[in-house]
Structure formats: structure tokens, C-alpha cells
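Bear in mind that the values in this text are calculations on the coordinates, not laboratory data. Here the structure is a predicted model, which is why all the values come from computation and not from measurement. Cβ placement follows ideal geometry from the backbone for every residue including glycine, while neighbour counts extend to all protein chains displayed.
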Amino acid sequence: MKEITWYDVFLKNLYEKFPKKMRLVDELMQLLSIEREATYRRLRKEVPFPIHEIVKIASEWNISLDEIVGIKSGIIHFQMQPINYLLPSKKEMTNLQKRVRVLEHIETAIDSDYMEVSNKLPRPLNIGFPILYRFKIFNWAYLYNNERNIRFADIVIPEKIRKEFEAYLRIAKNITNTNFILDQNVFDYIVTNVQYYHSILLITDEEKEHIKKELHDLLDYMLEIANKGCYPETQKKVNIYISQLHVNTNYSYFYTKKLKVCRVHAFGKFDIASYDLRMVENFKTWMNLKKRASMQISEVNERSRIEYFTKQRKIVDSL
């Protein structure tokens with residue numbers, strides 16, 4: 001029986017990231033700045049990857065060196081890749097594009113699972129409403145991007161960022177099974193924020209009305225999802241729950257045969273991610289336990305569903 005070395009495990013991780021060899025070769029050439037033939041020789045094990053290349057690959061592609069060499073340190077590695085959503089650098093843009101490309105196989109996967117527990121609007125629901133997503137970027141810029149004098153009118157999302165948002169939204173709506181557990185005060189928080197920015201003249205009366213209209217449009221869309229139990233565009237399963245306890249931390253996971261990742265959503269727009277299988281499995285367990293203190297409003301419990309959306313419309317009307 002052939003002995004499996006740490007180098008074999010390393011190569012296996014590379015092919016899990018990019019199952020198609022041509023794609024893997026292209027990505028390695030770009031990352032390491034080496035020629036195509038040199039890349040093939042490394043993959044054929046004729047020439048080993050130098051240690052500095054292995055470290056760079058592991059860092060950029062979230063591969064645990066501990067697991068590759070068989071060390072069980074007990075340390076779970078999380079990684080954050082901040083991005084300026086208004087003026088992204090070339091490296092930030094590359095990282096964002098890679099994250100979206102990694103998710104592309106979800107569109108054809110039959111076993112994909114996504115869950116988000118959140119006290120803000122989840123991205124798969126928010127991105128499809130351009131004014132609301134502009135407001136999310138505006139809120140992030142005001143709080144975390146040293147843009148204290150920026151106005152809502154100043155927010156222009158770059159076209160290259162917008163295209164990645166659209167690709168992410170398309171992928172998200174093709175996930176086989178999606179679960180959202182929302183803090184019961186999500187719309188309260190949004191309205192409170194809008195009112196604050198309006199009070200300090202960073203949002204005009206007209207802009208406030210546009211945001212209000214899209215919040216109503218979003219509620220219409222969420223109600224359609226809740227009634228049907230799926231995304232109307234793709235018919236993919238969606239369960240919506242309302243947490244009866246306050247959600248202090250926003251977190252999510254993607255789980256497919258090829259990709260397992262959990263994320264903690266921090267500082268408005270940044271994600272702290274881990275690809276460690278043990279941590280992802282823990283996230284799945286912990287997050288699904290949140291259902292015990294949550295009320296499902298999709299498909300079942302029509303009375304509670306009507307009461308919830310009626311209350312949210314009154315909150316939005318207060319703008």
C-alpha cells in the first residue's frame with residue numbers, strides 16, 4: 001500500500017480548491033508568478049513546491065498547514081480579508097473575486113446548504129435592492145472607513161464591485177437549502193439608523209422616502225418567500241425564522257461536498273472566515289440550535305407570519 005505523505009495531502013487540498021487542473025494551474029501561475037511548465041512539474045511532484053511557496057499558497061487559499069503535516073494543535077485558524085467597497089485595491093478586488101468564484105459550483109450542486117443568523121438584513125435578501133445595499137455601504141463607510149462627512153448621495157458602488165454582488169446573488173439563490181434566523185428587531189435597527197443619518201443631514205428627505213419604498217418592496221419579497229417557502233426566481237428552499245432572543249453576533253456557514261466554511265460577520269461589511277472542518281461542523285450544530293428559540297414564519301404558522309409582516313410595515317411607515 002502506497003504511503004500518503006504530507007505533500008500528497010497538500011496537493012489534495014489544492015485540487016479540492018480547484019478541481020479542474022487547468023484552472024488550478026492558471027491560479028498557481030498567477031499567485032506564484034511562475035511559468036506553466038514549472039507549475040506542471042510541481043503538480044507532477046517532479047519538483048517540490050519550495051517552502052515559501054507552500055506558505056504563500058496556504059495563506060492565500062486558507063489551507064491549514066497544521067492539518068497538512070498531521071499536527072493536531074487544537075488551534076482553529078480564522079482569517080479576515082478586509083476590503084474597501086468604495087475604492088478597492090487590486091489585491092482586495094482579487095480576493096473578492098476569488099471568494100465568489102469559489103462559490104460558483106453551488107449553482108450545480110445538489111447538496112448545498114447555507115444558514116445565517118443575523119441582527120441585520122442577510123446579503124442574499126439585501127443585495128437585490130440597490131438603494132438598501134447602497135445604504136448598507138454608506139453605513140459601513142460612515143462607521144468604519146474614516147468617512148465621517150460622507151453623504152448618502154456620495155456613495156457610488158464601483159461597477160466591478162457591483163458585478164461581484166450580482167454574481168454572489170445569483171449563486172445564493174441557487175443554494176439547495178437556505179435558513180435565515182433573524183433578530184426580531186432587524187427593521188427597527190434599519191429605521192433607527194436612517195432616522196439618525198437624516199437628522200444630521202447626511203440623508204435627504206427624498207432619499208429617506210426612496211429607502212422607505214425599498215424597505216416595503218423588500219417586505220413584499222420576503223412575504224412571497226415566506227408564503228412559498230422558496231426563492232420565487234429559482235424555487236430553491238428557504239426557511240425564515242424570527243429569533244425570540246436578541247442576536248448578538250452575526251454568523252453564517254456554506255456547506256457543500258466541495259466547500260465547507262463558516263463566517264463571523266464583523267464591522268459592518270467584513271467577514272472572519274474559517275475552513276477548519278471541526279469548526280464548521282460546530283457552527284452548523286450551534287446555529288441550528290438557535291431554532292429552539294425561534295419562530296418559523298415561512299410556509300407554516302400563517303397567523304404569526306401575518307402579524308410579523310404587519311408589525312414590520314408599521315415600523316417602516318414610521319420613517
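Beyond a 28 Å Cα-Cα separation, which of these cross-linked pairs lie in this structure: LYS213/LYS290; LYS21/LYS257; LYS236/LYS257; LYS228/LYS291; LYS213/LYS311?
Values: LYS213/LYS290 31 Å; LYS21/LYS257 18 Å; LYS236/LYS257 18 Å; LYS228/LYS291 20 Å; LYS213/LYS311 16 Å.
Cα-Cα > 28 Å for LYS213/LYS290; rest within.
Could you tell me the distance between the Cα centroids of the stretch 79-128 and the stretch 222-263, to the nearest Å?
14 Å
Longest span of the chain, sites excluded, free of trypsin sites (Lys or Arg not before Pro) in DSSP loop with at most 12 other C-beta atoms within 10 Å?
Formally, the longest exposed-site-free interval is 149-256.
Fully extended, how many nm does the chain gain between ALA167 and GLN235 (0.36 nm per residue separation, minus their Cα-Cα distance)?
22.7 nm
Treat every Asp and Glu Cβ in the stretch 79-317 as -1 and every Lys and Arg Cβ as +1, leave all other atoms uncharged, and give the resulting dipole magnitude about the Cα centre to the nearest 20 debye.
Dipole about the Cα centre, nearest 20: 680 debye.
How far is it, in nm, from the label point at GLU159 to the one at ASP220 when both lie 7 Å from their Cα along the line to the Cβ?
Label at GLU159, label at ASP220, 3.0 nm between them.
Apply the Debye scattering formula to the chain, with a single equal point scatterer on each alpha-carbon and no solvent, then give log10 I(q)/I(0) at q = 0.07, 0.12 Å⁻¹.
Each listed q maps to, in turn, -0.33, -0.90.
Of MET22, THR39, ALA58, which is farthest towards the positive pole of the stretch 6-68's charge dipole, taken about the Cα centre with +1 and -1 on the beta-carbons of Lys, Arg and Asp, Glu respectively?
MET22
Over its Cα atoms, what ratio of radius of gyration to 2.2 N^0.38 Å does the stretch 230-319 give? Don't jump to the answer; show the numbers that get you there.
Values: Rg = 15.9 Å, N = 90, 2.2 N^0.38 = 12.2 Å.
After normalising by residue count via 2.2 N^0.38 Å, the value is 1.31.
Within 10 Å, at most 11 other Cβ atoms, and a DSSP state outside H, G, I, E, B define an exposed site. Report the longest part of the chain free of exposed GluC sites (Glu not before Pro).
Between the exposed loop sites, the longest stretch runs 47-232.
Which distance in nm do the two modelled labels at ILE51 and HIS105 give, with both placed 7 Å along the Cα-to-Cβ direction?
Between ILE51 and HIS105, the simple spin-label model gives 3.1 nm.
Could you give each residue of the stretch 307-319 its phi-based ³J(HN,Hα) in whole Hz, using Karplus coefficients 6.51, -1.76, 1.60 with θ = phi - 60°, and x for Gly or Pro?
My calculation for the stretch 307-319 gives 4, 4, 5, 4, 5, 5, 5, 5, 5, 5, 4, 6, 5 Hz in order.
Can you tell me the FRET efficiency between LYS228 and LYS311 if r is taken as the Cβ-Cβ distance and R0 is 22 Å, rounded to the nearest 0.05?
Taking R0 as 22 Å, the efficiency between LYS228 and LYS311 is 0.55.
Would you mind computing, in nm to one decimal, how far apart the modelled labels at ASN95 and THR5 are, each placed 7 Å from Cα along Cα→Cβ?
For the pair ASN95/THR5, the computed spacing is 3.3 nm.
Could you check what % of the DSSP bridge pairs in the chain are antiparallel, to the nearest 5?
In the chain, DSSP labels about 65 percent of beta bridges as antiparallel.
When the chain is fully extended, how far beyond the present Cα-Cα distance does THR204 get from LYS258, taking 0.36 nm per residue of separation?
14.8 nm
How large is the convex hull of the C-alpha atoms of the stretch 6-68 per residue, in Å³?
Expressed per residue, the convex hull around the Cα atoms of the stretch 6-68 is 75 Å³.
Filter the chymotrypsin sites (Phe, Trp or Tyr not before Pro) in the stretch 232-298 to those in DSSP coil with at most 15 other Cβ atoms within 10 Å of their Cβ, and list the result. Intermediate values should be presented prior to the final figure.
On the way: sites: TYR241, TYR251, TYR253, PHE254, TYR255, PHE267, PHE270, TYR275, PHE283, TRP286; in loops: PHE267, TYR275.
In loop regions of the stretch 232-298 (DSSP not H, G, I, E or B), the sparsely surrounded chymotrypsin sites (Phe, Trp or Tyr not before Pro) are PHE267.
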